[in-house]
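Note sheet for the following structure.
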Amino acid sequence: RRLARARRSRGRRTMSISIDDFSDPAFDVKAWVNRAAAGCPSQDSEQVEKYLSEVEMKLQLMAEDISLALEEQSVSGLRRIPRAVAEIDRVEHDTKSLQSRIQGILRRLDDAEGASRDAVRTLASVDKVKTRMEHARETLANAAGLAELVASVDGVAATGDVRHMADVLSSMRRGLRVVGNVPEFADAPNRVEVLERRMETLARPELVSALAASDVVRAEEMRDVLFVSGRLSALFSAYADTRLVEPLLREWRTFTPPSGGRTRGGLGPEKDIAAFAEWVPGYASAVADAVAREVAWTNKAFPKESSELVVNAWRSLSEQTRKEFSQRAATKSLDLFATTYAASADGFGRAATALLGTENGVPGASPEAALEALTLALAPFQGVRARYAELEGKSSRDNAGVVSALADANEAAQRGDVESLAFAATAVSFGLASSAAAATTRCEKLGSGLETAAMLTALDTTTTDRVRGNCVALRRLRLARGMAVPRSRDALEETAVPARAATANQTGDQTSDEANVCAAVSLLAASAATTSAVVGLSKTLTEWLHAKRDTLAPSLAAAGGPDADAVSVTSVTPVFAAIAADPEKAKQLLHLFETLDTAEKENDGNAFDPIPGATSQAKTFASATRLFVLETLASKALLEFAGYARRAGWRAADARGGDESTPSFSHYPTSAVTNAGEYLLSLPQTLEQIAEAREEDRLAAAAGDESNESGNKVADDAHRVELDAGEWMADVARLAGDALLLEIKNVKTLSEQGAAQLAADAEYFANVVAALAPEPPAALVAVASCCAAPRDAFAAFARSEAGAAHGDVVKLVGAMRNIEV
């Protein structure tokens with residue numbers, strides 16, 4: 001060891017080596033050797049070799065020191081193991097001894113707990129006995145007191161002292177609750193009830209006197225007496241009768257119907273309804289003032305029952321007047337009914353707001369109770385509101401001007417008077433705007449527009465009926481003039497005037513061409529006026545819907561939402577009362593608003609039509625009017641073509657003579673075709689002259705409207721009907737061409753000369769149509785080409801490209817000429 005320490009001492013003079021360098025996880029042998037070599041004081045090879053030998057020796061000595069230390073520690077550890085084993089054995093023995101002592105302690109605790117439990121159980125039994133004995137003692141005392149009270153009931157009742165009677169009643173009730181059902185006191189409840197009635201009989205006059213005199217002190221004292229005696233319900237009835245119901249019933253009975261109250265079929269005369277409508281605002285205002293006054297007074301006299309007292313009193317008043325209110329408001333006039341409802345809703349709405357106490361800054365009724373009372377007050381109107389759609393439709397239909405105009409239109413139609421029919425049909429549309437304005441006013445009065453869906457249905461139905469009336473009159477006009485009546489998809493139109501073919505013996509109209517065209521154009525003006533009125537009505541109603549959506553949709557959504565049962569202070573309004581009275585109708589209106597929003601989002605705001613039936617009927621009337629005008633303008637041509645297919649000359653081998661009904665086969669058009677063509681070619685000039693005359697009339701009418709400041713948009717739209725001669729003549733020419741083609745298709749047999757004549761007719765009239773329309777009639781051109789083809793070359797013509805272009809006309813003409821194709 002001394003040698004090792006000497007070596008270590010010698011090594012320390014060369015380099016310091018720490019065991020920590022070798023304990024580092026990131027130890028690098030090469031780096032450590034390089035650092036050791038760098039510590040050499042000289043770079044001479046011998047010196048370096050000597051220095052490194054010393055470092056190596058130092059490392060060897062350090063390794064020997066470490067080995068020696070490990071050996072010493074191992075020996076020391078082996079020596080301590082026997083002592084540790086002996087210590088473990090001793091601890092184990094002590095642990096087992098401790099466990100035995102703890103188990104003994106637990107057994108002694110269990111024995112003590114059992115003894116204590118028995119003692120506690122015994123004490124509990126003793127306590128129960130004691131409690132029962134005390135209860136029995138108290139019961140005996142109460143029984144003794146109750147027996148004394150029962151015996152003194154008659155004497156107490158005879159004294160008339162309501163305060164003493166209240167104390168006795170309170171004690172008797174308490175004694176009966178304690179004693180229970182005991183045979184000895186079987187008649188005690190009856191005696192209590194007798195005493196209660198006696199006390200209420202004595203207390204009520206004093207309470208009524210205090211209420212009538214607004215004596216807060218006496219009224220509160222009587223309230224306490226009734227409360228102690230358990231007859232607080234008497235306060236509610238006495239208060240309602242004295243403070244609210246009787247005074248307002250006196251006000252209610254002040255109304256005297258002008259007719260003396262005589263009714264007819266459950267409805268009073270209109271003058272009675274009108275008088276009631278004028279009287280009811282004052283009554284509703286009196287109710288509102290009385291409720292507000294009572295809310296303030298009861299908060300002083302009866303602060304605990306204040307809200308319930310006024311609510312119950314108003315409900316009692318509503319119940320007593322409900323039947324008579326319904327009878328007084330019942331009327332055939334929806335305008336009067338709406339006026340009555342609006343006035344009542346305004347006054348009763350203020351009364352419901354007063355119930356809340358917010359205006360006076362005092363505690364009031366709950367919003368739920370106030371809304372329920374308001375709903376009951378407006379209940380007399382609910383029966384008529386349920387029939388609103390029916391009554392609105394009746395009000396819209398009962399327009400004397402419209403009824404008269406429809407009657408005039410039908411009379412003019414039966415006479416065949418086109419101009420008179422046009423004038424009457426225009427008058428029918430004049431009342432649409434005023435009807436809509438009246439309907440929206442009524443709807444606004446009836447619940448701020450909650451009846452909007454029913455109003456739209458009623459207006460759509462009545463407007464459709466009005467326009468349908470014009471359509472029926474137009475069908476009757478066709479019937480009177482011998483024209484064909486087309487089949488209608490409207491069952492009501494078809495039932496009124498069934499479809500019918502043109503009259504077989506129809507003769508030419510003796511009226512001049514210009515007069516006929518003027519009459520037809522006036523009918524176009526009526527159609528334009530009707531369309532303008534319906535479009536204007538639709539626009540007006542759409543704007544109304546937007547306004548109602550903005551004001552009503554939040555209320556409807558709140559009433560139908562997840563918190564519908566949570567009534568807020570702002571919900572106590574006639575609108576919410578109407579929603580509460582008929583939640584299904586409110587859901588329908590909300591669905592209508594949602595449909596409006598969806599339609600506008602999906603179609604840029606132009607898809608929703610509040611009166612789809614009327615719009616569709618107006619289009620039907622416009623289409624029927626246009627067809628009538630076209631047929632009227634082409635009537636002379638159509639008359640010339642009548643029976644064209646039945647002429648016997650088409651089958652004759654040769655037919656010459658002066659009979660105009662037989663073709664001359666001179667390769668010139670027949671007189672019927674040339675007459676029709678000449679008429680059509682002269683018609684544009686007539687149309688232009690009429691258009692100029694109408695423009696002058698329109699300017700004159702506009703000047704008159706400006707001077708009188710009474711312009712009518714519908715009438716102005718009627719005057720503005722543009723008569724484009726070119727457009728109309730194209731349609732008239734095509735109609736006449738189609739009529740001639742239909743006659744040609746009905747020809748059964750054609751001789752060769754008949755085919756040549758038909759070719760001349762078809763070619764001539766095709767040229768006439770081509771002169772008036774943008775394109776020549778392909779079918780007539782085909783007929784002319786097929787009829788002009790030689791018989792022996794017809795089959796080849798049919799197979800040619802030109803023949804194939806004519807399609808079925810080739811087969812049709814081949815069948816007429818008896819040529820197999």
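Which one is most open to solvent (accessible area, probe 1.4 Å), of the residues in the range 419-436 that are aliphatic (A, V, I, L, M) and in contact (Cβ under 8 Å) with a residue 40 or more places away in the chain? Checking each candidate, the answer is Ala433. In the set (1) modelled with pLDDT under 80; (2) under 24 Å from Tyr341 (Cα atoms), the condition left unmet by Lys587 is number (1).
Each row is one residue, and each column tells you yes or no for (1) modelled with pLDDT of 85 or more; (2) under 17 Å from Arg468 (Cβ atoms); (3) open to solvent by less than 30 Å² (accessible area, probe 1.4 Å); (4) of a type in the set (Lys, Arg).
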site	(1), (2), (3), (4)
Gln506	no, no, no, no
Gln510	no, no, no, no
Asp513	no, no, no, no
Asn516	no, no, yes, no
Ala520	no, no, yes, no
Ser532	yes, no, yes, no
Leu537	yes, yes, yes, no
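Regarding Ala370, is this residue within 21 Å of Asp582 (Cβ to Cβ), part of a helix (DSSP H, G or I) and either small (Gly, Ala, Ser) or touching a Lys or Arg at 6+ places or on another chain (Cβ under 6 Å) (or both)? Working first, answer last.
Details: within 21 Å of Asp582 (Cβ to Cβ): yes; part of a helix (DSSP H, G or I): yes; either small (Gly, Ala, Ser) or touching a Lys or Arg at 6+ places or on another chain (Cβ under 6 Å) (or both): yes.
Against the criterion (within 21 Å of Asp582 (Cβ to Cβ), part of a helix (DSSP H, G or I) and either small (Gly, Ala, Ser) or touching a Lys or Arg at 6+ places or on another chain (Cβ under 6 Å) (or both)), Ala370 qualifies.
Taking the conditions (1) modelled with pLDDT under 85; (2) touching a Gly at 6+ places or on another chain (Cβ under 8 Å); (3) closer than 30 Å to Lys271 by Cα in turn, Leu334 satisfies each one other than (2).
When each of Gln753, Gln757, Gln685 is tested for being more than 27 Å from Thr530 (Cα to Cα) and at pLDDT below 85, the lone residue that passes is Gln685. Filtered by the rule that a residue be hydrophobic (A, V, I, L, M, F, W, C), closer than 15 Å to Ala755 by Cβ and surrounded by 11 or more Cβ atoms within 10 Å (Cβ to Cβ), the range 788-802 gives Ala788, Ala789, Phe794, Ala795, Phe797, Ala798. The combined condition, being buried (at least 18 other Cβ atoms within 10 Å of the Cβ), more than 59 Å from the chain's Cα centre (by Cα) and part of a helix (DSSP H, G or I), is fulfilled by Ala759. Taken together, Leu450, Leu477, Leu376, Leu459 contain a single residue that is part of a loop (DSSP other than H, G, I, E, B) and of a type outside the set (Asp, Glu), which is Leu450.
Can you go through Arg198, Arg243 and tell me which one is modelled with pLDDT of 85 or more, in a helix (DSSP H, G or I) and not aromatic (Phe, Trp, Tyr)? Show your work before the answer.
Numbers: Arg198 fails: modelled with pLDDT of 85 or more.
That would be Arg243, the only listed residue that is modelled with pLDDT of 85 or more, in a helix (DSSP H, G or I) and not aromatic (Phe, Trp, Tyr).
For the range 325-378, taking the residues that are of a type in the set (Val, Ile, Thr) and over 30 Å from the mean Cα position of the chain (by Cα), the one that is most open to solvent (accessible area, probe 1.4 Å) is identified as Thr358. Taken over the range 478-495, the criterion of being of a type in the set (A, V, I, L, M) and either modelled with pLDDT under 85 or over 19 Å from Lys619 (Cα atoms) (or both) is satisfied by Leu479, Ala480, Met483, Ala484. Could you run through the range 239-256 and say how many residues are within 14 Å of Ala290 (Cβ to Cβ) and within 41 Å of the chain's Cα centre (by Cα)? Total satisfying the criteria: 7.
Within the range 305-320, the set of residues being open to solvent by 10 Å² or more (accessible area, probe 1.4 Å), more than 33 Å from the chain's Cα centre (by Cα) and at pLDDT 85 or above comprises Glu308, Asn312, Ser316, Gln320.
Pairing residues of the range 491-502 that are within 15 Å of Gly469 (Cβ to Cβ) with residues that are among the hydroxyl-bearing types (Ser, Thr, Tyr) and surrounded by 12 or more Cβ atoms within 10 Å (Cβ to Cβ), at Cβ distances under 9 Å and at least 6 apart in sequence or on separate chains, gives Glu493/Thr620; Glu494/Ser488; Val497/Ser488.
Screening the range 596-619 for residues that are open to solvent by 40 Å² or more (accessible area, probe 1.4 Å) and modelled with pLDDT of 85 or more and picking the one that is farthest from Lys548 (Cα to Cα) gives Lys619.
Here is the figure for the range 400-417: residues that are part of a helix (DSSP H, G or I) and open to solvent by 10 Å² or more (accessible area, probe 1.4 Å) total 11.
Here is a yes/no grid of residues against (1) open to solvent by less than 90 Å² (accessible area, probe 1.4 Å); (2) aliphatic (A, V, I, L, M):
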| site | (1), (2) |
| --- | --- |
| Asp20 | no, no |
| Ala31 | yes, yes |
| Leu52 | yes, yes |
| Lys58 | yes, no |
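Restricting to the range 379-399, count the residues that are in a helix (DSSP H, G or I), open to solvent by 30 Å² or more (accessible area, probe 1.4 Å) and polar (S, T, N, Q).
Restricting attention to the range 379-399, the residues satisfying the condition of being in a helix (DSSP H, G or I) are 379-386, 388-397.
If we keep only those that are open to solvent by 30 Å² or more (accessible area, probe 1.4 Å) as well, we get 382-383, 386, 389-390, 394-395, 397.
After this cut, where a residue has to be polar (S, T, N, Q) as well, the list is 382, 395.
Number satisfying all stated conditions: 2.
Criterion applied to Ile105, Ile81, Ile66 was being β-branched (Val, Ile, Thr), within 30 Å of Ala37 (Cα to Cα) and open to solvent by 60 Å² or more (accessible area, probe 1.4 Å), and the one residue passing it is Ile66.
The values are calculated or read from the model by the stated rules, or taken from the named source; none is laboratory data. None of these values were measured; they are calculated from a predicted model. Note: ideal-geometry Cβ built from the backbone for every residue, glycine included; neighbour counts use all protein chains shown. Surface areas here come from the heavy atoms of the whole protein model, side chains and all, with no ligands, DNA or RNA. Shrake-Rupley method; radii C 1.70, N 1.55, O 1.52, S 1.80 Å.
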